[in-house]
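What follows draws every value from the coordinates through simple rules; no lab data is involved. The structure presented is a predicted model; accordingly, all values stated were derived computationally and were not measured. Reconstructed Cβ throughout: ideal geometry from the backbone, glycine too, with neighbour counts over all protein chains shown.
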Amino acid sequence: MISDIQQDAATRMSKSIDALKHEFSKIRTGRAHPSLLDQISVSYYGTDSSLSQVANIAVEDSRTLTITPWEKNMVQAIEKAIMKSDLGLNPSTNGMVIRIPLPALTEERRRSLVKVVKHEAENGRVAIRNIRRDANSEIKDALKEKLISEDEARAAEEKIQKLTDQYVKEVEKLLEAKEGDLLSL
């Protein structure tokens, strides 16, 4: 029973770390990466679809992304969607290929992105602490129902705390790495 609670908590905390990595990958560090465009959706025959479902996204060089739509009539819609996004990108079209040059990040923009990264890291820490709270409440419920002893409950809570500390340290490592990425030229 206790091992199930701990296993569930570890799995959920691991998923929180994965979600944080995914969020960090969306924040650009000056290098071109197709995941920068993940949150952009395009109207495709009346349905909002993600950009990757209507076009091929590739990295041309370290500062340029290329988008090749599956259909010619999607070029204008994709361009509009990129312009409307809050990414501050200016696409240029050459027939069927849309090129997106990524401008160098200014110092001010880097600082603001660091704030965003810190906010995302805090959200990750909060998620991990919420998982700890859930696991501890399950342990307390088991104790109330006399399924486990007080010593077992205390030991289980300590293990959950160690697990929480381990995953919070991982969040800190990810934050440090992303900050370093953002602030390096």
Projecting each Cα onto the charge dipole of the chain (Lys/Arg +1, Asp/Glu -1 at the beta carbon, about the Cα centre), which of LEU105, LEU183, GLY124 comes out farthest on the positive side?
LEU105
Quick check for me: using +1 on Lys/Arg Cβ and -1 on Asp/Glu Cβ, what's the dipole size of the stretch 34-101 about its Cα centre, in debye to the nearest 20?
140
Rg to Rh ratio, the stretch 34-101, alpha-carbon atoms and Kirkwood radius?
0.91
Once you charge only the Cβ atoms, +1 for Lys and Arg and -1 for Asp and Glu, what is the size of the charge dipole of the chain about its Cα centre, to the nearest 20 debye?
560
Give me the angle, in degrees from 0 to 90, between the Cα long axis of helix 107-144 and the longest principal axis of the Cα atoms of the chain, rounded to the nearest 10.
30
Using the Cα centre of the stretch 43-147 as the reference point, and only Cβ charges (+1 on K/R, -1 on D/E), how large is the resulting charge dipole? Debye, rounded to the nearest 20.
480
For a quick size check, give me the Cα extents of the chain along its three principal axes, largest first, whole Å.
71, 40, 22
Hey, what's the per residue convex hull volume over the C-alpha atoms of the stretch 77-139, in cubic angstrom?
128
Among THR164, THR68, THR47, which one shows the highest mean-square fluctuation when the chain is modelled as a Gaussian network with alpha-carbon springs under 10 Å?
THR47
Reachable aspartates and glutamates from LYS173, criterion Cα separation under 14 angstrom, eight or more residues apart if same chain:
ASP18, GLU120, GLU122, ASP165, ASP181
Per-residue ellipticity at 222 nm attributable to helices in the chain (runs of n ≥ 4 DSSP H, -39500 (n - 2.57) apiece, nearest 500 deg cm²/dmol) works out to -21000 deg cm²/dmol
Choose one answer from ASN94, ASN136, ASN123: the residue with the largest mean-square fluctuation in a GNM of the chain with alpha-carbon springs under 10 Å.
ASN94
